[in-house]
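Participant: One structure, pasted below without further comment.
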Amino acid sequence: MNHFEKASLGIFPTPLYRLPNISNDLGTNVWIKRDDLCGVALGGNKVRKLEYLLADAKRQGYDLVMTTGQAQSNHAMLTAACALRMGMDCMLVLKKRGITARKGNQILNYLMGVDVRYVDTDRYDEIYEEMDRIGRQMGRRVYKIPCGGSNALGSLGYIDCMKEIADFGQHFDHLVCACGSGGTAAGSVLGAKLYLPDTQVMCAMVDDDPFDVIVPHIMREAAQLLGVDVEIPVPELLDVCGPGYSIPSEEGNAAIAMMLRREGIVLDTCYTGKAFAGLIRQARAGAYKPEDNVLFLHTGGAGGLFAQDWEGTETSPRFA
């Protein structure tokens, strides 16, 4: 890992501690890794990836970064915040999907003065073509970061995270993380293979992409980058997508309410609420023993919570 250049963007290690009330509710020992408290904007998992990706952009002499996602993308907002901090220009070329109004993460993009453009498409190849077109029009070389920063280089950030967890010194039987573009899941599964071999990682899918193919593909490429010869495990996947990507689910909303009421921690409707709902579902189904230690990876995303229109919804979602 020391052979790869990395920018210093986040405050690491992030807090890791046991959740006493949730543990009592679910009948097992539930811990949380607070990557939402990594020190950039509203925090989140993308910062670990961006430490590698933006260092690579800087090393190659790029000064214009572009990335993509849906309208309320936490990754896009954090890319802008991190790029600006490093003295690089950033443009967000987003899918015209989700809440485009000046709410949630779009407030932060506005306050940062970021150029946000929308493409009315569901295909990322069309987005990347638009980035190239804009770059040619501006006469500038564009460093394109994929959706979620999910490639082999970005996934190294979560290999770092797994080592950080191992260095904490507490044994964990299970680890649960959200899986929305595959990079965090890939880094977590591969990193656990290297540093936490007795920890079972469950990837809670918040989208309906073929993550049984995507996650191992990123893992193989990351292993090649590192020069490590390890067997690539089949990731454990759990479907928590509900009505669709970035669309709140009843199960997810109940999990958000439970975490906030019982521990005072804010989750989001796109990723962490649904992922924590998956942990709750597994606990209720008897997947965890009373003596187990189950670690929930809080990957941030709170900005998107405040883009949702909660009028007309239940004022008190039932506990999951």
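The values are calculated or read from the model by the stated rules, or taken from the named source; none is laboratory data. Remember, it's a predicted structure, so these values are computed and weren't measured experimentally. Please note: Cβ atoms are built from the backbone with ideal geometry, for glycine as well, and neighbour counts cover all protein chains shown.
Participant: Exactly one condition in (1) assigned to a helix (DSSP H, G or I); (2) under 22 Å from GLN70 (Cα atoms); (3) not basic (Lys, Arg) is false for LEU279; which is it?
Facilitator: (2)
Participant: Between a residue in the stretch 168-182 that is under 13 Å from TYR158 (Cα atoms) and any residue that is in a loop (DSSP other than H, G, I, E, B), which pairs come within a Cβ distance under 6 Å, given they are 6 or more apart or on different chains?
Facilitator: LEU175/THR199; ALA178/VAL206; ALA178/TYR271; ALA178/THR299; GLY182/SER150
Participant: Now for a separate question. Would you confirm whether or not the stretch 119-130 contains a residue that is surrounded by fewer than 15 Cβ atoms within 10 Å (Cβ to Cβ), hydroxyl-bearing (Ser, Thr, Tyr) and more than 20 Å from LYS46 (Cα to Cα)?
Facilitator: Yes, because at least one residue in the stretch 119-130 is surrounded by fewer than 15 Cβ atoms within 10 Å (Cβ to Cβ), hydroxyl-bearing (Ser, Thr, Tyr) and more than 20 Å from LYS46 (Cα to Cα).
Participant: Could you give me the residue pairs with C-beta distances under 7 Å whose first residue belongs to the stretch 1-17 and is among the β-branched types (Val, Ile, Thr), whose second residue is assigned to a loop (DSSP other than H, G, I, E, B) wherever it lies, and which are 6+ apart or on separate chains?
Facilitator: Listed pairs, sorted by first residue: ILE11/CYS38; ILE11/GLY39; THR14/CYS38.
Participant: Another question, then. Could you grab the pairs with beta carbons closer than 8 Å, sequence gap of 6+ or different chains, first residue in the stretch 297-320 and more than 15 Å from ALA277 (Cβ to Cβ), second one at pLDDT 90 or above and surrounded by fewer than 15 Cβ atoms within 10 Å (Cβ to Cβ)?
Facilitator: ALA307/ALA101
Participant: Assess whether ALA222 counts as being more than 21 Å from ILE280 (Cα to Cα), touching a helix residue (DSSP H, G or I) at 6+ places or on another chain (Cβ under 6 Å) and free of Cβ contacts under 8 Å to residues at least 40 places away in the same chain.
Facilitator: In short, no.
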